[in-house]
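The values are calculated or read from the model by the stated rules, or taken from the named source; none is laboratory data. For clarity, every value in this text was computed on a predicted model and none was experimentally measured. Neighbour counts are summed over all protein chains in view; Cβ atoms, including those assigned to glycine, are modelled from backbone coordinates with ideal geometry. All accessible areas refer to the heavy atoms of the entire protein, side chains included, with ligands and DNA or RNA removed. Shrake-Rupley method; radii C 1.70, N 1.55, O 1.52, S 1.80 Å.
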Amino acid sequence: MTKTNMVKAQTSDIPRRNPCAQCGTPIAQPDWIEPGEGRVSYLWTCHACNYRFEAVAIFDEMPIAHPPLAA
């Protein structure tokens, strides 16, 4: 997902201040967001220790983008 696509995402849905998996320093926002079927992946980079890691959010149910029409 490019930065342009990140802007299109709901800014309230983007995780903020996630702690670094290495040193615990809060990271303002992810570098990369990649949506997928039933999941969203986030790439984080800690500027305090230069550690990079990925976090994945997995959803129980996928929202229906286009509900079926009555026949």
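Checked against (1) open to solvent by 80 Å² or more (accessible area, probe 1.4 Å); (2) at pLDDT below 70; (3) part of a loop (DSSP other than H, G, I, E, B), Thr4 meets all criteria but (3). Regarding Ala57, is this residue at pLDDT 80 or above, out of contact with any Pro (no Cβ under 7 Å at 6 or more places or on another chain), surrounded by 10 or more Cβ atoms within 10 Å (Cβ to Cβ) and in a loop (DSSP other than H, G, I, E, B)? No: the conditions fail for Ala57.
Among the candidates Gly36, Gly24, the residue that is open to solvent by less than 80 Å² (accessible area, probe 1.4 Å) and modelled with pLDDT of 90 or more is uniquely Gly24.
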